[in-house]
Amino acid sequence: MACIQEIVCYNIWVDLISFHVGNATEDQFFNSARYPYFASRMRLGLPEDLLKMSEGLNDAIFDPGARERIMIFVQTMTYEESLAFLDTCSSSRFYREVMNNQICLVEDLRVLSHQFHSVQNQDKVRAQRSCISSFMTRSLGLKYDEQKAYDHFASLNENRLIFCLKIIRKLRNSIGVAASAGILSHDLLATFRMRLREFDQRGLYSLACSTVAFGLSEQSQLIADSEAWDASSNGKDHAPASNKVAHAYASGETMRSTLTFIVPIFMLLSAIPAAMAWKHSKPDKGGTLDSDLWQALASSILQLLSLITFIWPTLKNPRLSQLTWIWIWLLAGFSAVCAIASVPVYLMGPTIWSFVISFAGSLGQAVVQLQVVNAI
């Protein structure tokens, strides 16, 4: 039952995001062949409960906390009602328009934003002609001018496209988990495959990922391996389809879960020899002729180099640069300060304090790297 609830939760989440994108399109850009309106048509197929939920969540549908609100609703459904919902859900016919519109929102607002200078004049003229700038400036308040509104909505829609891609993948992965447990029938599995392939039409999923640098190049399609989703059991190895789907796309999620577990464990394990070093240390002040001083200096230089080579490319990444950097900067700064301070501390007091400071900086650097890896 839990596996089915996960699928229903993410299915509803994708549908509510889709409905929100449809409404946002009408607010931000005039109707055209580039921006097909579909919100009114999609509304007809959504249950009243989901429409009320959509109104209640509004922009919070792009917040991770929306999952709890959706799951409360899902838990009121029986097993039979959940399966019936999944079998009859008709919102997938709008998935192609959802992906198209959100990509176009990002592209056109980038053209209008001052952050992107290398654009052709005709693209900017076209975007300005169809953009409803009055809505954007009004929604942000009078203190925002038109250019600031473009900048804000460009960044906002990039983040929303990234979030949308994450939830779509979570839906796909939850289907795999249920398939591995033998819960999904071949017919329902084939139905899911057909629905999710809407995101792949005209290369839209691949284009969305490249637009915001989301995911890996070899995962340029949502449904990349047709054999893994085959409802029959006549693959090369004659394995049931459910066993294949379960592992078809799990590697990225498994990697993040594994790292989230391994890094704290290794940090705790490293504290054991650190404690032993503290216990057996001598209260001696270091000198410039000590070999340990030059080892500490070499270690500090490499620690700073590691921070620079890790953080600098991340800042240039169009997707990772959208992260909330406050904690990353604090921890990276703490690590850098520790790396630098450990050398003079070696000469000013008991040498063990130099090791403690350097060790604390290394722990901070490990947490920074884990944060960024989990955002990929």
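Miscellaneous remarks
- Taken as a whole, the structure leaves Phe163 outside the set of residues that are part of a helix (DSSP H, G or I), among the aromatic types (Phe, Trp, Tyr) and farther than 27 Å from Met136 by Cα.
- Among the residues of the range 134-185, the one identified as under 18 Å from the mean Cα position of the chain (by Cα), closer than 17 Å to Val21 by Cβ and of a type in the set (Ser, Thr, Tyr) is Ser155.
- For the range 68-96, a residue qualifies if it is in contact (Cβ under 8 Å) with a residue 24 or more places away in the chain and farther than 27 Å from Gln201 by Cα, and the qualifying residues are Ile70, Met71, Phe73, Val74, Gln75, Met77, Tyr79, Ser82.
- Residue match in the range 6-19 (condition: at pLDDT below 90 and either surrounded by fewer than 18 Cβ atoms within 10 Å (Cβ to Cβ) or out of contact with any Pro (no Cβ under 9 Å at 6 or more places or on another chain) (or both)): no
- Taken together, Ser130, Ser118 contain a single residue that is touching a Ser or Thr at 6+ places or on another chain (Cβ under 9 Å) and at pLDDT below 90, which is Ser130.
- Tallying residues that are in contact with a helix residue (DSSP H, G or I) (Cβ under 9 Å, 6 or more places away or on another chain) and free of Cβ contacts under 8 Å to residues at least 12 places away in the same chain within the range 140-184 yields 4.
- Residue that is nearest to Ile7 (Cα to Cα) [pool: residues in the range 70-111 that are among the basic types (Lys, Arg) and surrounded by 15 or more Cβ atoms within 10 Å (Cβ to Cβ)]: Arg96
- Listed by position, the helices (runs of 4 or more DSSP H) inside the range 1-81 whose residues that are out of contact with any Lys or Arg (no Cβ under 7 Å at 6 or more places or on another chain) and of a type in the set (Gly, Ala, Ser) number at least 3 are 2-28, 39-45.
- One residue stands out in the range 34-48 among those that are basic (Lys, Arg) and touching a residue at least 40 places away in the same chain (Cβ under 8 Å): the one that is farthest from Trp13 (Cα to Cα), namely Arg34.
- Which numbered condition Gly45 misses (of (1) over 30 Å from Gln128 (Cβ atoms); (2) more than 19 Å from the chain's Cα centre (by Cα); (3) crowded, with 17+ Cβ neighbours inside 10 Å): (3)
The values are calculated or read from the model by the stated rules, or taken from the named source; none is laboratory data. What you see is a predicted model, and the numbers here were worked out from it, not measured in a lab. All Cβ positions, even for glycine, are placed from backbone atoms using ideal geometry, and neighbour counts span all protein chains on display.
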